[in-house]
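Engineer: Pasting a structure below so you can have a look.
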Amino acid sequence: MTPVIEMLPVRVLVGSNWSYYVAIAVVLLLAFILQPSKQSHVSAPFYKASKTKWMFSADTLVKESYDKFRDRVYQIKATEGTRTMIPASLIGELKGLPEDTLSASAAVDEVRESNRDDEICDTDVSQAMLSDYTKFCLGPHGDTLTFLIRSKLTQQLSRLVPRLKSELEFIIVQEFPECKDWTPVQAQPFMVRTIARLSGRAFVGPELGRTEEWMDTTINFAVHVFVAVVKLQFFPPWLRPIAQYFVSELGQIKRDLARGQAMLKPIIDERLQNAELDPGHQKPDDFIQWTVDALPDAQRNDYYLQTQLQLVLGAASIHTTSNLTTDCIFDLAAQPEIQEILRQEAQEILEDGGGWARKESMAKLKKMDSFMKESQRLAGNVTSFIRKVIKPIDLSDGTHLPSGTNLLAPQYGISHDDRYFPDPEVFDGLRFWKMRQLSDETANRHQFTSIGDTNMNFGLGKHACPGRFFAGNEIKLILAYLLLNYDIKLKDGETERPKPMMFMMSKTPNPTAEIMFRRRERSSSS
Ligand code: HEM
C-alpha cells in the first residue's frame, strides 16, 4: 500500500481547509516534540537534517541525502522515527524476501500492540492503516482484492475501454466548461471526479457509479481514513484507545461504511436473486459481480465485507490515479511541442484506425506511455518500498538490518540520478520511448507499468501495485481524449508547470492551479 501520508489527499491540506491544515500541523509538531528519540541499531551513517525539513521539503531532503550517499545505506530521523534508506543497487537483495522476513506493512508492531481480540486484520493493507480504529481492514480478503484486480480487472482492460470512454464523455458534457475560447480549468478537482467516475463505472457499474452519494463516499472514505491515521500515528499505541475519541474522522468512517452498505445491499440482493432464478443469465461485468462470484457461499451476502472491499479499492485507486493524471496535464500545458506529437499518435491509432474499440489500442500509444512515465519520474513518489524488517537481514555491503528496522527507498534521488536517467532535470516526454527502441528487452523494461530497482513508483516485489495497468489505461484514455479535443496551455504569463505541494512525504499537484483549455474544431468521435 502507498504510505498513508503519500496518499493524503491534498484538499485536506489546502484551499478552503487552511484551518484544518494548521490544526494537523500543530498536532504533528506537538507529537513530534514529545516523541522520545529512538535508538537505531543499524550500522549506517545518519544524514543530519531537521525534522521540519522532512515535514515540509522531503523531496529536497531525500535528493540531497541521496546525492551524498548514493550507493550506500544511510539513515534519516523522520517524523515517524528513524528510516533506513536502501539504494537501488541493494534493493534487488530485498525485493524477493518473504513476508515473514520483510513486511510490506510499516506499522505492524503498533497494530499488534493494540488491543485486538481477533487476528483477521493481519494483512499488509490493514496493518499500515491502524485498522483496529479505522476499520480499513480486509482480513484474509486483502488477497481477494489483489486477486480480482490482477485477474478480472487487468485481464479485461480492453473490454472496459469503450465503457470508460463513454463515461468520460458523459462527465465532460456534464462538468467540463465548453471552452469555446481559452478557458481556465482547475485540473486537480476535475480529475478527482473524473477518476472516481471512471473507476465507479468499472467497479460498480454506471447506475450507482454516477450517483453523487457513491462518488462522495468513495472519494471521502480515503480522506477520512488517511486523516484519522495521520492523527492516530502521532499518539503512542498505548494512548490510542483514548486518543481515538478525539479523532472525529473515525466517526465519519463508520458513516461512510454504513452509507456504502445501504447503497450496495439492494444491488447485491438483486444479483443473488437473479443467479438463483436463472443460473444461466448474463451477469453484469463489474467488480460487485466479480466479488460475489469469488466469495465462498457463506459470504456472498456479507454486505459489510463487500462494502469494505469496494471502499478500500476506491481509496487505493482514486487519489493516486487522479494525482498522476493532473501532473500529466500540467506537463502537457508546459510543453506545447509534445502535445502535437502525442495528438498525432492518438489520431492515428484511436481515430483513423477506429482504435477506440480495439483490444490492443492503448498498448499502441507508446509515446503517450513514455510521456506518462516521464511525468511520474519527476512528479512521482519521494520515497518507495516501505518495508519493516521482521527477521534480521545482512546485505552484501556488510550492513546488518536488525528486526524492527524501517526501510525506505530514496526514489526521488534515484529518479534524478544521471547514471540511470541522463540529463535527469530535463523533462523529455519521449525519453522512455527512445529507450524502448533499443532492444526487445528495453522495449519491455521501460513501459509505464514496468517496475524495477530504479523505478519504484508502483512499488516493487510481491506487493507492487496490482492496479497500475488499470490506472495506465485510464490515464491514457483521458489524455488522448483531451488532446484530440482541446488545445492546452499554461495561463498567460506563466512559464513553468504549477509546482507540486509537499507535506511530509506527500507530493501532490496544486489543487487550485488553473490550466487553459480551448476546444479544437476537429474530431468526429466526440
Ligand atoms: C497512478 C496510480 C497509482 C499509483 C502511483 C499507485 C501506487 C502504489 C504503490 C506505490 C503501492 C505500494 C507497492 C509496494 O509497497 O510495493 C500500491 C499498492 C496497491 N495499489 Fe496502487 N497505485 C495506483 C493505482 C492503483 C489502482 C487504480 C488500484 C486499483 C484498481 C490500486 C490498488 C492497489 C492495491 C490493492 C495495493 C496493495 C497491494 C499489496 O499490498 O499487495 N492502485 N500502489
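Engineer: Could you list the residues of the range 465-500 with an amide nitrogen less than 19 Å from a label point located 7 Å from the Cα of residue 181 in the Cα-to-C-beta direction?
Structural biologist: Label zone hits: 486-494.
Engineer: Could you work out the helix-only [θ] at 222 nm for the chain, with each DSSP H run of four or more residues adding -39,500 (n - 2.57) and the total divided by the number of residues, to the nearest 500 deg cm²/dmol?
Structural biologist: -15000 deg cm²/dmol
Engineer: What pairs in 63/95; 180/491; 77/388; 391/507 have C-alpha atoms more than 25 Å from each other?
Structural biologist: Check vs 25 Å cut-off fails for 391/507.
Engineer: So, R0 is 45 Å and r is the distance between the beta-carbons of residue 57 and residue 282; what FRET efficiency does that work out to, to 0.05?
Structural biologist: Once the sixth-power term is evaluated, E becomes 0.25.
Engineer: Two decimals is fine: what's Rg over Rh for the range 268-375, C-alpha atoms, Kirkwood radius as Rh?
Structural biologist: 1.16
Engineer: According to the Kirkwood expression over distinct Cα-Cα pairs, how big is the hydrodynamic radius of the range 184-323, in Å?
Structural biologist: Averaging 1/r across every pair of different Cα atoms and inverting gives 16.4 Å.
Engineer: Grab the eigenvalues of the alpha-carbon gyration tensor for the chain, scale each by 5, take roots, and send me the semi-axes largest first in whole angstrom.
Structural biologist: After scaling each eigenvalue by five and taking roots: 34, 30, 23 Å.
Engineer: Can you give me the long-range amide H partners of residue 78? Hydrogens built in the peptide plane at 1.01 Å from N, cutoff under 5 Å, separation of 5 or more residues or another chain.
Structural biologist: 83
Engineer: Here's a follow-up. What list of ³J(HN,Hα) values in whole Hz, one per residue of the range 478-491 in order, does the Karplus curve 6.51 cos²θ - 1.76 cosθ + 1.60 (θ = phi - 60°) give from phi, with Gly and Pro shown as x?
Structural biologist: Computed from phi, the couplings for the range 478-491 are 5, 5, 4, 4, 5, 5, 5, 10, 9, 8, 10, 8, 6, 5 Hz.
Engineer: Taking amide hydrogens as modeled 1.01 Å from N in the peptide plane, which residues meet the under 5 Å criterion relative to residue 501, leaving out close sequence neighbours?
Structural biologist: Residues meeting the amide H criterion: 508, 510.
Engineer: Normalised by the residues of the chain, what does the relative contact order come to in percent, with Cα pairs under 8 Å and at least six apart?
Structural biologist: Details: 798 pairs, mean separation 132.8, N = 526.
In percent, rounded to a whole number, it is 25.
Engineer: I'd like to compare 438-444, 261-267, 468-474: which one has the highest average count of other Cβ atoms within 10 Å, and what's the full order after that?
Structural biologist: 468-474, 261-267, 438-444
Engineer: Just to confirm a number: summing +1 for Lys and Arg and -1 for Asp and Glu over residues other than residue 275 whose beta-carbon lies under 12 angstrom from that of residue 275, what do you get? Can you show the working numbers first?
Structural biologist: On the way: positive: 271, 283, 300; negative: 269, 270, 276, 278, 293, 297.
My count for the surroundings of residue 275 gives -3.
Engineer: Rank-order 84-96, 278-290, 317-329 by packing density, defined as the average count of other C-beta atoms within 10 Å over each peptide's residues, highest first.
Structural biologist: 317-329, 84-96, 278-290
Engineer: Using +1 on the beta carbon of Lys and Arg, -1 on that of Asp and Glu, and nothing else charged, what's the dipole of the range 380-494 about the Cα centre, debye to 20?
Structural biologist: Roughly 500 debye, rounded to the nearest 20.
Each reported figure results from applying straightforward, stated rules to the coordinates on display, with no laboratory input. Just so we're clear, the structure is a prediction, and the values are computed from it rather than from any experiment. Counting neighbours? That spans all protein chains shown, and the Cβs are built from the backbone with ideal geometry, glycine included.
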